[in-house]
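Novice: Just dropping this structure here.
The values are calculated or read from the model by the stated rules, or taken from the named source; none is laboratory data. No experiment lies behind these values; they were computed from the predicted model shown. All Cβ positions, even for glycine, are placed from backbone atoms using ideal geometry, and neighbour counts span all protein chains on display. Areas reflect the complete protein model, heavy atoms only, side chains present, ligands, DNA and RNA absent. Shrake-Rupley method; radii C 1.70, N 1.55, O 1.52, S 1.80 Å.
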Amino acid sequence: MGKHSFSLKTIYLAALTAVFGVSFLAFAVFDFYSQQRQTEAALLEEARTFAREMDAVWQFMDNSQSVINNTSDGTYEFKGLHCSLVGKSVGRLFSAGSDYAIRYTNFNPRSEQDIPDEFEAEALERFNANSSVKEHYGIAEYQGEERFRYLQALEVDNSCLSCHGEPAGELDVTGKEKEGWTLDSVGGAISIVIPIDQQQQTLRDNVIRDVVFFLGITVFIGAVIYVVTTFFVLRPIGGLHAAFGKLKRGRMDAELGGGHAAKEVQQLVGGFNDMAGDLRDMYEHLESQVEARTIDLQEANALLEHQRDKLEKLNESLEQETRFKSDLLSMVNHELRTPLTSIITFAQISRETCDPGRESDRRSWEEIEKNSQILLNMINNMLDIARSDAGSIKSTCEPMDLGDVAASVKGTMAPLARKYEVSFRTRVASDVPLVNGDYEKTLRMLENLASNAIKFTPDGGSVELRVAYDENRQVVTLSMVDTGIGIAPEDQERIFERFFQVDSTSTRKYNGSGLGLALVREYADMQGFAISVESEVGKGSAFVITVPKRLIVGEDDV
Ligand code: ADP
């Protein structure tokens with residue numbers, strides 16, 4: 001909430017007070033002046049009426065002069081009842097004993113009583129100065145009190161001239177000197193004084209009455225606005241505020257009744273109720289979701305625990321198996337390989353030293369040597385695969401002469417080929433460059449391929465290792481080509497899988513473990529070589545190792 005914010009009640013009260021205060025002042029001033037104007041207008045009208053009456057008296061006397069001053073026999077006898085005397089006398093009579101005064105005045109009066117006072121002199125000056133000005137009035141002092149004063153100019157007509165006209169100084173019918181007036185002179189003024197106490201009292205009363213009425217109306221309007229606002233706006237908003245407070249404290253059951261609220265506030269309340277309902281639903285949904293998730297999590301947790309127990313057991317048994325495997329491998333390595341190597345060596349010696357006349361002995365020794373050799377090869381393959389799985393085989397990458405490798409293969413394989421009565425040849429092209437690779441692994445690959453080729457080639461067949469440089473593709477190829485039993489197309493990819501053998505019956509016939517080609521592919525991958533096979537059943541097979549250009553020594557420098 002803002003630091004300087006005020007409650008709606010305070011704002012309302014302040015605004016109402018300001019509006020009513022200003023309008024009250026404006027009304028009071030306006031009312032006072034309008035009442036004053038009305039009073040003045042009424043006084044003016046009254047004064048004018050008096051003036052007209054006095055004028056009528058004057059006119060009457062003027063018209064009656066001949067009747068008054070002529071006797072019945074037609075003799076003129078001035079009675080002294082001239083218009084001025086009668087007018088002034090009527091005025092004096094009227095004024096006597098009342099606060100009203102009616103009199104005649106001019107600058108050179110014949111009687112001292114008619115000498116103008118200050119207000120009258122001011123009026124006479126105006127009349128003399130401007131013949132179109134006929135009236136002068138206002139509130140002014142008269143005999144020490146505020147009165148409404150009115151002066152009307154007396155115009156000189158022919159009837160006036162007999163007593164006041166030219167020549168000035170001549171004695172008129174009353175025996176007084178004439179003033180020498182002409183028709184355009186101002187003959188003085190009728191001066192009327194009207195008391196204003198009564199009117200002022202009435203004005204005050206009227207203003208007070210109006211002000212009280214206005215105050216009453218404004219207070220009433222203010223009270224109605226206040227009550228309406230309180231009942232229809234402020235209270236419902238207060239309720240809304242309290243309900244928001246409840247929501248904030250987490251009480252989702254907060255709900256509001258419309259009550260006496262105004263339509264707009266009711267819409268607000270409706271909006272709040274909708275929002276509170278949505279929140280409630282969401283909250284409940286959330287709670288049930290949380291519950292469901294908690295149960296799911298607990299179940300998942302239990303499952304995980306169970307699986308962890310299972311994995312731990314599995315791990316234990318795997319560890320046992322691994323221990324057993326490594327014990328077995330070291331046992332195979334020491335307990336089988338060593339005696340087998342001895343057996344091969346002794347069989348070889350015995351074969352070479354046996355009596356040439358005893359062919360059957362020689363064949364027996366040869367059979368022992370051949371099978372032991374196959375057995376040793378199988379054991380070696382098995383150990384190599386196990387080492388590769390354990391990640392303990394590292395491949396070197398050094399320049400090697402493939403001619404040397406081929407010669408070495410020939411040295412190892414020639415005896416076996418001879419025993420299988422298969423011819424074994426190597427053909428190394430003269431332009432074969434050095435290649436980068438692992439000599440031992442390449443040798444093992446070729447020995448495996450050669451041993452397979454010899455095994456699966458019937459007596460009298462041939463096996464050839466060709467090492468060549470393919471100028472077009474700029475690769476070196478090592479091909480083990482035989483004229484053996486061949487491999488069906490559907491088996492050609494699978495033979496590189498571990499333990500895969502085309503025909504288990506033939507396995508028994510040919511001996512083997514199904515690990516040789518798997519090892520060949522692993523060694524090829526290790527060195528960056530590619531291995532592929534082309535074969536036709538009954539005609540023979542060609543296993544081709546391709547050494548890419550980047551591994552050819554000198555090629556990548558070009
Ligand atoms: P094995 O120890 O059985 O020789 P390999 O992985 O070396 O295992 O060979 C897998 C299978 O591929 C062999 O059992 C054989 O059926 C087939 N095979 C491999 N080389 C040849 C080949 N030169 N001629 C015919 N079949 C072959």
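Novice: Out of the residues in the stretch 383-428 meeting the condition of being open to solvent by 40 Å² or more (accessible area, probe 1.4 Å), of a type in the set (A, V, I, L, M, F, W, C) and more than 30 Å from residue 367 (Cα to Cα), tell me which one is modelled with the highest pLDDT.
Specialist: 428
Novice: Report yes if residue 449 is at pLDDT 95 or above, open to solvent by 10 Å² or more (accessible area, probe 1.4 Å) and either out of contact with any helix residue (DSSP H, G or I) (no Cβ under 6 Å at 6 or more places or on another chain) or away from the ligand (no atom under 11 Å from the Cβ) (or both), otherwise no. Outline the logic, then answer.
Specialist: Numbers: at pLDDT 95 or above: yes; open to solvent by 10 Å² or more (accessible area, probe 1.4 Å): no; either out of contact with any helix residue (DSSP H, G or I) (no Cβ under 6 Å at 6 or more places or on another chain) or away from the ligand (no atom under 11 Å from the Cβ) (or both): yes.
No; evaluated as a whole, the condition is false for this residue.
Novice: Answer yes if at least one residue in the stretch 203-211 is hydrophobic (A, V, I, L, M, F, W, C), closer than 30 Å to residue 21 by Cα and either surrounded by fewer than 17 Cβ atoms within 10 Å (Cβ to Cβ) or without any contact (Cβ under 8 Å) to a residue 12 or more places away in the chain (or both), and no otherwise. Reasoning before the result, please.
Specialist: Start the filter on the stretch 203-211 by keeping residues that are hydrophobic (A, V, I, L, M, F, W, C), which leaves 203, 207-208, 211.
Cutting the leftovers down to closer than 30 Å to residue 21 by Cα gives us 203, 207-208, 211.
If we keep only those that are either surrounded by fewer than 17 Cβ atoms within 10 Å (Cβ to Cβ) or without any contact (Cβ under 8 Å) to a residue 12 or more places away in the chain (or both) too, we end up with 208, 211.
Yes, the stretch 203-211 contains a residue that is hydrophobic (A, V, I, L, M, F, W, C), closer than 30 Å to residue 21 by Cα and either surrounded by fewer than 17 Cβ atoms within 10 Å (Cβ to Cβ) or without any contact (Cβ under 8 Å) to a residue 12 or more places away in the chain (or both).
Novice: Just to be sure before I move on: is residue 187 at pLDDT below 90, touching a helix residue (DSSP H, G or I) at 6+ places or on another chain (Cβ under 7 Å), open to solvent by less than 20 Å² (accessible area, probe 1.4 Å) and not aliphatic (A, V, I, L, M) in the structure I sent? Break it down stepwise before answering.
Specialist: Numbers: at pLDDT below 90: yes; touching a helix residue (DSSP H, G or I) at 6+ places or on another chain (Cβ under 7 Å): yes; open to solvent by less than 20 Å² (accessible area, probe 1.4 Å): yes; not aliphatic (A, V, I, L, M): yes.
Here the answer is yes, as residue 187 does meet what is asked.
Novice: Let me ask you something else. For the stretch 88-123, give me each residue that is open to solvent by less than 80 Å² (accessible area, probe 1.4 Å), in a loop (DSSP other than H, G, I, E, B) and not small (Gly, Ala, Ser).
Specialist: Initially, the stretch 88-123 is screened for residues open to solvent by less than 80 Å² (accessible area, probe 1.4 Å), giving 88-91, 95-96, 98, 100-106, 109, 111, 114, 116-117, 119-121, 123.
Next, from what is left, pick out any that are in a loop (DSSP other than H, G, I, E, B): 96, 98, 100, 106, 109, 111, 116-117.
Listed by number, the residues that qualify are 100, 106, 109, 116, 117.
Novice: Out of (1) at pLDDT 95 or above; (2) more than 21 Å from residue 373 (Cα to Cα); (3) within 8 Å of the ligand (Cβ to nearest atom); (4) of a type in the set (A, V, I, L, M), what's the single condition that is false for residue 502?
Specialist: The failed condition is (1).
Novice: Only one residue in 404, 459, 491 is under 22 Å from residue 528 (Cβ atoms), outside the structural domain of residue 349 (by TED's automatic domain parsing) and not aromatic (Phe, Trp, Tyr), so which one is that?
Specialist: Numbers: 459 fails: under 22 Å from residue 528 (Cβ atoms); 491 fails: under 22 Å from residue 528 (Cβ atoms).
Matching residue, one of 404, 459, 491: 404.
Novice: Follow-up question, since we're still on this one. Select from the stretch 462-475 the residues that are in contact with a Lys or Arg (Cβ under 9 Å, 6 or more places away or on another chain) and either within 15 Å of the ligand (Cβ to nearest atom) or not in a strand (DSSP E or B) (or both) and list them in ascending order.
Specialist: Pass one, the stretch 462-475, residues in contact with a Lys or Arg (Cβ under 9 Å, 6 or more places away or on another chain): 462-468, 473-475.
Answer for the stretch 462-475, where residues must be in contact with a Lys or Arg (Cβ under 9 Å, 6 or more places away or on another chain) and either within 15 Å of the ligand (Cβ to nearest atom) or not in a strand (DSSP E or B) (or both): 462, 463, 464, 465, 466, 473, 474.
Novice: State all residues of the stretch 374-394 that are more than 13 Å from the ligand (Cβ to nearest atom) and of a type in the set (S, T, N, Q); if no residue qualifies, say none.
Specialist: Within the stretch 374-394, the first condition is being more than 13 Å from the ligand (Cβ to nearest atom), and the residues that meet it are 383, 386-394.
Hits for the stretch 374-394 are 388, 392.
Novice: Is it true that residue 459 is within 16 Å of the ligand (Cβ to nearest atom), open to solvent by 30 Å² or more (accessible area, probe 1.4 Å) and among the acidic types (Asp, Glu)? It would help to see each step written out before you state the result.
Specialist: Details: within 16 Å of the ligand (Cβ to nearest atom): yes; open to solvent by 30 Å² or more (accessible area, probe 1.4 Å): yes; among the acidic types (Asp, Glu): yes.
Yes, satisfied.
Novice: Any residue at all in the stretch 343-350 that is modelled with pLDDT under 90, more than 30 Å from residue 247 (Cβ to Cβ), over 60 Å from the mean Cα position of the chain (by Cα) and open to solvent by 80 Å² or more (accessible area, probe 1.4 Å)?
Specialist: no
Novice: What number of residues in the stretch 528-542 are surrounded by 18 or more Cβ atoms within 10 Å (Cβ to Cβ) and either free of Cβ contacts under 8 Å to residues at least 24 places away in the same chain or near the ligand (Cβ under 8 Å from one of its atoms) (or both)?
Specialist: Residues that pass the stated criteria total 3.
Novice: Of all strands (runs of 3 or more DSSP E) completely enclosed by the stretch 133-244, which ones contain at least 1 residues that are farther than 30 Å from residue 29 by Cβ and in the same structural domain as residue 91 (by TED's automatic domain parsing)?
Specialist: Working: elements: 135-142, 145-155, 186-195.
Fully inside the stretch 133-244 and qualifying: 145-155, 186-195.
Novice: A further question follows. Determine whether the stretch 1-15 contains at least one residue that is among the hydrophobic types (A, V, I, L, M, F, W, C) and either in contact with a Gly (Cβ under 6 Å, 6 or more places away or on another chain) or within 30 Å of residue 203 (Cα to Cα) (or both). Walk me through it before giving the result.
Specialist: Step one: of the stretch 1-15, the residues among the hydrophobic types (A, V, I, L, M, F, W, C) are 1, 6, 8, 11, 13-15.
Add one more test, that the residue is either in contact with a Gly (Cβ under 6 Å, 6 or more places away or on another chain) or within 30 Å of residue 203 (Cα to Cα) (or both), and what stays is none.
The answer is no, given that none of the residues of the stretch 1-15 is among the hydrophobic types (A, V, I, L, M, F, W, C) and either in contact with a Gly (Cβ under 6 Å, 6 or more places away or on another chain) or within 30 Å of residue 203 (Cα to Cα) (or both).
Novice: May I ask you to list pairs of residues, at least six apart or on different chains, whose Cβ atoms are under 6 Å apart, with the first in the stretch 38-63 being free of Cβ contacts under 8 Å to residues at least 40 places away in the same chain and the second being open to solvent by less than 30 Å² (accessible area, probe 1.4 Å)?
Specialist: 57/87; 58/83; 58/87; 61/83; 61/86
Novice: Is it fair to say residue 478 is open to solvent by less than 30 Å² (accessible area, probe 1.4 Å), over 60 Å from the mean Cα position of the chain (by Cα) and either at pLDDT below 95 or within 13 Å of the ligand (Cβ to nearest atom) (or both)?
Specialist: Details: open to solvent by less than 30 Å² (accessible area, probe 1.4 Å): yes; over 60 Å from the mean Cα position of the chain (by Cα): yes; either at pLDDT below 95 or within 13 Å of the ligand (Cβ to nearest atom) (or both): no.
Criteria not met by residue 478.
Each row is one residue, and each column tells you yes or no for (1) open to solvent by 90 Å² or more (accessible area, probe 1.4 Å); (2) farther than 24 Å from residue 246 by Cα; (3) among the small types (Gly, Ala, Ser).
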residue: 282; (1), (2), (3): yes, no, no
residue: 285; (1), (2), (3): yes, no, no
residue: 302; (1), (2), (3): no, yes, yes
residue: 309; (1), (2), (3): no, yes, no
residue: 316; (1), (2), (3): yes, yes, no
residue: 321; (1), (2), (3): yes, yes, no
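Novice: Name every residue in the stretch 511-527 that is surrounded by 15 or more Cβ atoms within 10 Å (Cβ to Cβ), more than 10 Å from the ligand (Cβ to nearest atom) and not aliphatic (A, V, I, L, M), in order of residue number.
Specialist: Correct list: 522, 523, 527.
Novice: Right, something else. So residue 554 passes all but one of these: (1) modelled with pLDDT under 95; (2) near the ligand (Cβ under 9 Å from one of its atoms); (3) of a type in the set (Gly, Ala, Ser). Which condition number does it fail?
Specialist: (2)
Novice: Quick test for you: out of 65, 38, pick the one residue that is polar (S, T, N, Q), surrounded by fewer than 17 Cβ atoms within 10 Å (Cβ to Cβ) and more than 60 Å from the chain's Cα centre (by Cα).
Specialist: Values: 65 fails: surrounded by fewer than 17 Cβ atoms within 10 Å (Cβ to Cβ).
From the options 65, 38, the qualifying one is 38.
Novice: Return yes or no: is residue 76 buried (at least 16 other Cβ atoms within 10 Å of the Cβ), in contact with a helix residue (DSSP H, G or I) (Cβ under 7 Å, 6 or more places away or on another chain) and modelled with pLDDT under 85? Even if it seems obvious, please write down each step before you answer.
Specialist: On the way: buried (at least 16 other Cβ atoms within 10 Å of the Cβ): no; in contact with a helix residue (DSSP H, G or I) (Cβ under 7 Å, 6 or more places away or on another chain): yes; modelled with pLDDT under 85: yes.
So residue 76 does not fit the description; no.
Novice: Okay, moving on. (1) under 24 Å from residue 374 (Cβ atoms); (2) open to solvent by 30 Å² or more (accessible area, probe 1.4 Å); (3) more than 10 Å from the ligand (Cβ to nearest atom); (4) touching a helix residue (DSSP H, G or I) at 6+ places or on another chain (Cβ under 9 Å): which one isn't true of residue 436, the others all being true?
Specialist: Single failed check for residue 436: (1).
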